[in-house]
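Peer 1: Questions regarding the structure given below will be posed in turn.
The values are calculated or read from the model by the stated rules, or taken from the named source; none is laboratory data. Only a predicted model underlies this, so the values are computations on that prediction, with no experimental measurement involved. Cβ coordinates were reconstructed from backbone atoms using ideal geometry, including for glycine residues, and neighbour counts include every protein chain displayed.
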Amino acid sequence: MAAQSSNRETVSRATDATASAMRPQWVPVNAHEAPGALVVVAPLPAVMPHDITIELGPSTLRISARLRSSGPREYLLHEWEYGGYEREIDLPEEFRGGLEASLTNGQLVVRVLRGPFTGPVSVHPHELPTERGTPGESSPPTR
């Protein structure tokens with residue numbers, strides 16, 4: 001048990017050190033217009049819904065995810081981390097009315113609802129309703 005606890009502490013310290021020293025990784029996105037919403041899709045491998053923050057501002061959408069785990073390893077090739085993602089995109093004026101989001105198989109789907117901006121929103125995907133109504137169950141869209 002002590003060895004397992006020591007290993008967790010080692011991974012936790014390594015993750016904290018990596019997170020404080022790294023620049024967030026830029027995330028590519030695809031965006032398209034759907035009925036009533038602008039749909040933004042971003043690959044976010046190796047993170048969980050509570051790691052992700054989605055922010056709707058007056059004219060932008062910001063997606064970020066904290067570093068998930070960065071245990072000490074001797075990589076032969078190391079091109080990405082488990083998290084530490086960030087992306088901000090400018091929104092068309094007609095899409096600022098609220099958010100819906102889901103994370104499935106490492107793919108984040110954010111629906112920015114058509115409508116006027118009513119104030120900043122900062123949420124995690126598990127706090128929001130989705131098109132299918134799973135996370136957030138019967139909650140109305142966040143506005």
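Peer 1: Please state which one of Val11, Val112, Val39 is modelled with pLDDT under 95 and surrounded by 12 or more Cβ atoms within 10 Å (Cβ to Cβ).
Peer 2: Val11
Peer 1: Another question, if that's okay. Quick check: is even one residue across region 110-124 closer than 21 Å to Arg23 by Cα, without any contact (Cβ under 8 Å) to a residue 24 or more places away in the chain and more than 14 Å from the chain's Cα centre (by Cα)?
Peer 2: The answer is no, given that none of the residues of region 110-124 is closer than 21 Å to Arg23 by Cα, without any contact (Cβ under 8 Å) to a residue 24 or more places away in the chain and more than 14 Å from the chain's Cα centre (by Cα).
Peer 1: Looking at Val47 and the list (1) assigned to a loop (DSSP other than H, G, I, E, B); (2) modelled with pLDDT under 90; (3) more than 10 Å from the chain's Cα centre (by Cα), which single condition is not satisfied?
Peer 2: Failing condition for Val47: (3).
Peer 1: Related question: Please work out which residue is surrounded by the most Cβ atoms within 10 Å (Cβ to Cβ), limiting yourself to region 86-109 and to residues that are assigned to a strand (DSSP E or B) and either among the charged types (D, E, K, R) or modelled with pLDDT under 90 (or both).
Peer 2: Here the answer is Glu100.
Peer 1: Conditions first: (1) more than 12 Å from Leu38 (Cα to Cα); (2) modelled with pLDDT of 95 or more. Gly136 passes all but one, so which condition is the exception?
Peer 2: Unmet for Gly136, out of (1) more than 12 Å from Leu38 (Cα to Cα); (2) modelled with pLDDT of 95 or more: (2).
Peer 1: A further question on this structure: Say we look at region 52-66 and pick out the residues that are within 16 Å of Gln107 (Cα to Cα) and either among the hydrophobic types (A, V, I, L, M, F, W, C) or without any contact (Cβ under 8 Å) to a residue 60 or more places away in the chain (or both); which of these is surrounded by the most Cβ atoms within 10 Å (Cβ to Cβ)?
Peer 2: Across region 52-66, the extreme among qualifying residues is Ala65.
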